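A short write-up of the structure that comes next.
Any read-out appearing in this document is the output of simple, stated calculations on the displayed coordinates, not a laboratory observation. On a predicted model such as this, the values are computed, not experimentally measured, just so you know. Note that we place each Cβ from the backbone using ideal geometry, even for glycine, and neighbour counts take in every protein chain shown.
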Amino acid sequence: MSMPKFEHRYRKLVFLTWFLTLDLIMFGAFVRLTDSGLGCPDWPGCYGQFSPVGAATHIQQAFEAMPHGPVSFSKAWIEMVHRYVGALLGMLIIAISWMAWRHRKALGHSPALAIATLAAVCLQGAFGAWTVTMKLMPLIVTAHLLGGMILLTMMTWLAAREKRHAPVVASEIRWRPWAVGGLLLLFAQVALGGWVSTNYAALACMDFPTCHGSWLPPMDLANGFSLLRALGELPSGEVISQDALTGIHWVHRNFAAIVFVWLGTLAWCLRRSPALGGPSRLILALLVAQLFTGLTTIFFEWPLLIAVLHNGGAAGLVLACTTLCARLYDVSKQGVPHDHSQHATAKPAAAISRPDEAAGDAAGRVLCRDRHVPGRTGAA
């Protein structure tokens, strides 16, 4: 059965937007790590201009007044390119939402997720503006990072619905709560990592596995995790202490061990599954990569490339965990049954379960997620 032209365009648009979302998160990390967030200290333009070219005089004056400050031509371009790509991403998600609503019956699924993604990207744009207007307030910057990861989660789920894969067998459904729990733990770790980055606490502990030669170093967790404060300050207005930065770093480092064990165990158990093995093996590889880049960041004093890769690894883990959850939850509305003892076989279109029957299969079996070729299982 050939795919309608509009459906093919929708799939291409979803995958393009998903890829751009991942790229934008990586570039956002580059913006943050190069201290370019205030390269243009207003929003949405740069000193009221569309690009740094028109703002050249203002940028030059700011740079001459403070050569090592947040404004320079390179930082202005880095910040504005990030905004341009973000605007493009928003327009693509508008197109996805319109197509998902306009062709909801033919596409075979509700447009709710696409519309929610549009709301998320609008909110993400607002946090981008607040990041600038509130002068890199750690809470706002961390929320902006989390918003990007949530947007990636939603786009990954949209893309996962369009990608063919082997059917999930009934015995694998029990891993649903473990996969969701792992994704929630991962988001908590991403928030902690964002808090480390926005408070410049990555080098608060320069040894490993201990911190300042101790398993439990002197820490000021109360002030370290006080939310309503400016960058580099305590709520009282004083400069943030080393003990507070140590506490931020120590919590992120030790919580990483919990996430590593949880996701590593889950991925190891599912690594041979035809449907779930791909994302599971990716999780295992990324966990090892995150350990390597995290340690390299400490021992080589935060090299830019490694720090960006560490952020990218976190985005990759979100992507892989979301794919795992999507495959465990997104039961096909049209597909073929599959069990442990038999390979899936072609099935006449008339014999395919209706959407309202998919979840209630008499044998308790799970249907393959492949609405485009109803009589075939997709590639793993």
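Before moving on, here are some points about what is shown:
- Rounded to 10°, Cα long-axis angle of helix 112-133 versus longest principal axis of the chain: 0
- Of CYS122, CYS205, the sequence from fewest to most neighbouring Cβ atoms within 10 angstrom is CYS122, CYS205.
- Dipole check for the chain: with +1 at the C-beta of Lys and Arg, -1 at the C-beta of Asp and Glu, and the Cα centre as origin, the magnitude is about 1940 Debye.
- Separation of alpha-carbon centers, segment 290-305 and segment 162-227, rounded to whole Å: 16
- Taking other C-beta atoms within 10 Å as the exposure proxy, MET66, MET99 rank MET66, MET99 from fewest upward.
- Sorted from longest to shortest, the spans of the Cα atoms of segment 1-164 along the three principal axes equal 66, 30, 22 Å.
- On Cα atoms only, tilt of 304-329 relative to the major axis of the chain in degrees: 30
- Spin-label model distance (nm) - HIS212 vs ARG281, 7 Å beyond Cα toward Cβ: 4.5
- Here each label is just a point 7 Å from Cα along the line to Cβ, and for LEU203 and SER74 those points are 1.7 nm apart.
- In plain terms, the residue of TYR329, TYR47 with the fewest other Cβ atoms within 10 Å comes first and the most crowded comes last, giving TYR329, TYR47.
- Dividing the helix sum by the residues of the chain, where each DSSP H run of 4 or more adds -39500 (n - 2.57), gives a mean residue ellipticity at 222 nm of -20500 deg cm²/dmol.
- Each of LYS163 and ASP35 was given a label point 7 Å from its Cα along the Cα-to-Cβ line. The distance between the two points is 3.8 nm.
- Percent of Cα pairs exceeding the 33 Å cut-off, where the set is the chain: 39
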